[in-house]
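*Asks:* Dropping a structure here in structure tokens format, bear with me for questions.
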Amino acid sequence: MGFAQSETDALRYSQLMYGGTARFASMGGSFGALGGDFSSLGINPAGIAVYRSSEITITPALNFSRIETTYFNTPDEDTKYDFNMGNFGAVITFPTNRTDDNGGWQFINIGFGINRHNNFNERWIARGFNPNNSLMSSFLEQAIREGSVGQLDDFSTGLAWDTWLLGKDEDTGFFVDMPDGMVSQHRETNASGSIREFVLSLGANYGDKLYLGATFGFPSIRYKEENVFREADSEGLSDDFNQLTYVNSFETSGSGFNFKLGAIFRASDVVRLGAAFHTPTFYELRDKYRASMRSSMNFDDYKDFARSPEGRFDYELETPMKAIGSLGLVFGNIGMINVDYEYVDYSTMRLRSSNHLFTDENSIIRNTMTQQHVIRVGGEVRLDPVIFRAGYAHHSSPYVSGVNDGERNLLSAGFGIREGNYFLDFAYTYMFYNEDYILYDIGSGGPVANREFANSMFRATLGWRF
């Protein structure tokens, strides 16, 4: 298999950064015990039962990502902008004949629409002087494992062989130039895409005390990434090697389904309690990938460029289930506060395929991933007709230990205006985290680039209630 699916890919599509309306975003995504917002259908489906009138919302968004890197003590940074549609949804309420007696079933509501999660749009650069190893050191180890020229991989070692970067001696076997490093390295990565989830929800309100809801989720994935890796003998230490450029790109697409069940209990006029359960999402995915290699050598009559065929691979991904508990405090017409706790165990992710066993990959997932604890806190204050909001979210690291951290924090703020049946909400969210990235595998590790992520998103939601 030329392109290997790994725990990194499984986590990328399993770890949701919830998106949706500006109101939801400005409160840090904390709505589990409150409801009454379309985005809550993807967190606690009981939120749909809180509605007492029908609603349509649409949310355009502008995203700005900045990634600062440090690689062998050399800093760099890059940015990327993108415009997207964060939400489009509708909720339709059906009052029963008992809406005035404060008993029995009050409303039966349905909702449907799309929320956009996981903005994958980013661009980053890592460059520096590596005194320890080279990309060809990694290819050499791989070629030795593959054993013979006929077994070389079409997307990596085979390209190195075709461009004379990898050679073989009858007595000593495979060899490369400059295996011990002392090379300048430069990698550029450009990624795009998102996870969009179509939700179909049903909820019911019993006596304005108990709110129940269920959501069928149908997420779809689109992810593209292109990596350009350049390596050069900047010190002029080799008689043969000058430089190489290795380009690989891949695209992942597919869809899945899940089920969410939730409840909200109004314990008093002030206190709300919420609980929700999400089944795993069962994805069917397809990867398309290709690679190319270009070399500059001090040889005559050699092939300096090689391209792989296009590769395709179909596989399945099972994400972890989730449990969410929430506490909400509603202070009449003054405002409200909500706290969500979310539990998810990423060691239960599984990759599957009829063409590949994924035994090693799933073993790595079990050994390197762990439980993640997510806390979301949000609130709003009403100064009619303007409503001010703020929120915070903390995601603990999904990794057991090692170079990857992955702990994420999110700050948010916004405001809204309510006039008659119309409302307009604005939100700003700022997510930041650090993560170490291994550029290529060699031995028990590889060269590490430290990446500092900062992602800003502006959202505006226009809504109509009727």
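The values are calculated or read from the model by the stated rules, or taken from the named source; none is laboratory data. Small disclaimer: the values here were computed from a predicted structure and weren't measured. Methodologically, a virtual Cβ is constructed for each residue, glycine included, from the backbone with ideal geometry; neighbour enumeration extends over all protein chains shown.
*Asks:* Residue by residue through the stretch 271-306, note down the ones that are out of contact with any Ser or Thr (no Cβ under 9 Å at 6 or more places or on another chain) and among the β-branched types (Val, Ile, Thr).
*Replies:* Val271, Thr279
*Asks:* List, please: which pairs have Cβ atoms under 6 Å, are six or more places apart or on different chains, and start with a residue in the stretch 217-235 that is more than 24 Å from Pro447 (Cβ to Cβ) and end with one that is acidic (Asp, Glu) and surrounded by 15 or more Cβ atoms within 10 Å (Cβ to Cβ)?
*Replies:* Going by the 6 Å Cβ cut-off, the qualifying pairs are Gly217/Glu197; Pro219/Glu197; Lys224/Glu251.
*Asks:* Where residues in the stretch 410-427 are surrounded by 16 or more Cβ atoms within 10 Å (Cβ to Cβ) and of a type outside the set (Gly, Ala, Ser), which of them is nearest to Gly446 (Cα to Cα)?
*Replies:* Leu410
*Asks:* Condition first: closer than 23 Å to Asp208 by Cα, without any contact (Cβ under 8 Å) to a residue 60 or more places away in the chain and in a strand (DSSP E or B). Can you find one or more residues in the stretch 37-45 that meet it?
*Replies:* Restricting attention to the stretch 37-45, the residues satisfying the condition of being closer than 23 Å to Asp208 by Cα are 37-45.
Still in the running and without any contact (Cβ under 8 Å) to a residue 60 or more places away in the chain: 37, 40.
If we keep only those that are in a strand (DSSP E or B) too, we end up with none.
Within the stretch 37-45, none of the residues are closer than 23 Å to Asp208 by Cα, without any contact (Cβ under 8 Å) to a residue 60 or more places away in the chain and in a strand (DSSP E or B).
*Asks:* Have a look at Ser39, Ser65, Ser30, Ser26 and point out the one that is surrounded by 22 or more Cβ atoms within 10 Å (Cβ to Cβ) and within 30 Å of Glu188 (Cβ to Cβ). Before the answer, list the steps.
*Replies:* Numbers: Ser39 fails: within 30 Å of Glu188 (Cβ to Cβ); Ser30 fails: within 30 Å of Glu188 (Cβ to Cβ); Ser26 fails: within 30 Å of Glu188 (Cβ to Cβ).
Result: Ser65 is the single residue among Ser39, Ser65, Ser30, Ser26 that is surrounded by 22 or more Cβ atoms within 10 Å (Cβ to Cβ) and within 30 Å of Glu188 (Cβ to Cβ).
*Asks:* Just a yes or no: is a residue in the stretch 9-16 of a type in the set (Ser, Thr, Tyr), at pLDDT below 95 and under 19 Å from Ser397 (Cα atoms)?
*Replies:* no
*Asks:* Consider Ile56 carefully, then state whether it is in contact (Cβ under 8 Å) with a residue 12 or more places away in the chain and either over 17 Å from the mean Cα position of the chain (by Cα) or surrounded by fewer than 24 Cβ atoms within 10 Å (Cβ to Cβ) (or both).
*Replies:* yes
*Asks:* Scan Ala46, Ala61, Ala33 and give me the residue that is under 25 Å from Lys322 (Cα atoms), modelled with pLDDT of 95 or more and touching a Lys or Arg at 6+ places or on another chain (Cβ under 9 Å). Before the answer, list the steps.
*Replies:* On the way: Ala46 fails: touching a Lys or Arg at 6+ places or on another chain (Cβ under 9 Å); Ala61 fails: under 25 Å from Lys322 (Cα atoms).
Answer to the selection: Ala33.
*Asks:* I've got another one for you. Which pairs have Cβ atoms under 8 Å, sit 6 or more apart or on different chains, and link a residue in the stretch 266-281 that is acidic (Asp, Glu) to one that is crowded, with 17+ Cβ neighbours inside 10 Å?
*Replies:* Qualifying pairs under 8 Å: Asp269/Val330.
*Asks:* Let me ask another. Run down Gly128, Gly113, Gly86 and say which single residue is modelled with pLDDT under 95 and in a strand (DSSP E or B).
*Replies:* Step by step, each of Gly128, Gly113, Gly86 is checked, and only Gly86 is modelled with pLDDT under 95 and in a strand (DSSP E or B).
*Asks:* Are any of the residues in the stretch 293-312 among the charged types (D, E, K, R) and either within 21 Å of Pro219 (Cβ to Cβ) or under 17 Å from the mean Cα position of the chain (by Cα) (or both)?
*Replies:* Checked the stretch 293-312: no residue is among the charged types (D, E, K, R) and either within 21 Å of Pro219 (Cβ to Cβ) or under 17 Å from the mean Cα position of the chain (by Cα) (or both).
*Asks:* Go through the stretch 435-452 residue by residue and tally those that are in contact (Cβ under 8 Å) with a residue 60 or more places away in the chain and either buried (at least 17 other Cβ atoms within 10 Å of the Cβ) or touching a Ser or Thr at 6+ places or on another chain (Cβ under 7 Å) (or both).
*Replies:* So the answer is 10.
*Asks:* Hey, Val183 hits all of (1) farther than 20 Å from Asn84 by Cβ; (2) surrounded by fewer than 17 Cβ atoms within 10 Å (Cβ to Cβ); (3) not charged (D, E, K, R) but one; which does it fall short on?
*Replies:* Against the list (1) farther than 20 Å from Asn84 by Cβ; (2) surrounded by fewer than 17 Cβ atoms within 10 Å (Cβ to Cβ); (3) not charged (D, E, K, R), Val183 comes up short only on (2).
*Asks:* Identify all residues within the stretch 146-171 that are of a type in the set (Phe, Trp, Tyr) and either part of a loop (DSSP other than H, G, I, E, B) or more than 26 Å from Glu226 (Cα to Cα) (or both); write none if there are none.
*Replies:* Answer for the stretch 146-171, where residues must be of a type in the set (Phe, Trp, Tyr) and either part of a loop (DSSP other than H, G, I, E, B) or more than 26 Å from Glu226 (Cα to Cα) (or both): Phe155, Trp164.
*Asks:* Also: What residue, among those in the stretch 131-145 that are among the polar types (S, T, N, Q) and outside any helix (DSSP H, G or I), is surrounded by the fewest Cβ atoms within 10 Å (Cβ to Cβ)?
*Replies:* By that ranking, first place goes to Asn132.
*Asks:* Now, a different point. Quick one: would you say Gly20 is surrounded by 17 or more Cβ atoms within 10 Å (Cβ to Cβ), in a loop (DSSP other than H, G, I, E, B) and touching a strand residue (DSSP E or B) at 6+ places or on another chain (Cβ under 9 Å)?
*Replies:* Yes: the conditions hold for Gly20.
*Asks:* Related question: What are the residues in the stretch 98-110 that are at pLDDT below 95 and either of a type in the set (Asp, Glu) or part of a strand (DSSP E or B) (or both), if any?
*Replies:* Our first condition is that a residue be at pLDDT below 95; within the stretch 98-110, this holds for 98-107.
Answer for the stretch 98-110, where residues must be at pLDDT below 95 and either of a type in the set (Asp, Glu) or part of a strand (DSSP E or B) (or both): Asp100, Asp101, Trp105, Gln106, Phe107.
*Asks:* Go through the stretch 113-163 and give me each residue that's over 30 Å from Phe64 (Cβ atoms), of a type in the set (A, V, I, L, M) and in contact (Cβ under 8 Å) with a residue 24 or more places away in the chain.
*Replies:* Taking the stretch 113-163 and keeping what is over 30 Å from Phe64 (Cβ atoms), we get 129-163.
Now narrow it down to the ones that are of a type in the set (A, V, I, L, M): 135-136, 140, 143-144, 149, 152, 159-160.
The answer is Leu135, Met136, Leu140, Ala143, Ile144, Leu159, Ala160.
*Asks:* Among the residues of the stretch 362-381, which ones are basic (Lys, Arg) and either modelled with pLDDT under 95 or touching a helix residue (DSSP H, G or I) at 6+ places or on another chain (Cβ under 6 Å) (or both)? Steps first, please.
*Replies:* So in the stretch 362-381, the residues basic (Lys, Arg) come out as 366, 376.
The one that is basic (Lys, Arg) and either modelled with pLDDT under 95 or touching a helix residue (DSSP H, G or I) at 6+ places or on another chain (Cβ under 6 Å) (or both): Arg366.
*Asks:* Within the stretch 94-114, identify whether any single residue is surrounded by fewer than 16 Cβ atoms within 10 Å (Cβ to Cβ) and small (Gly, Ala, Ser), and answer yes or no.
*Replies:* yes
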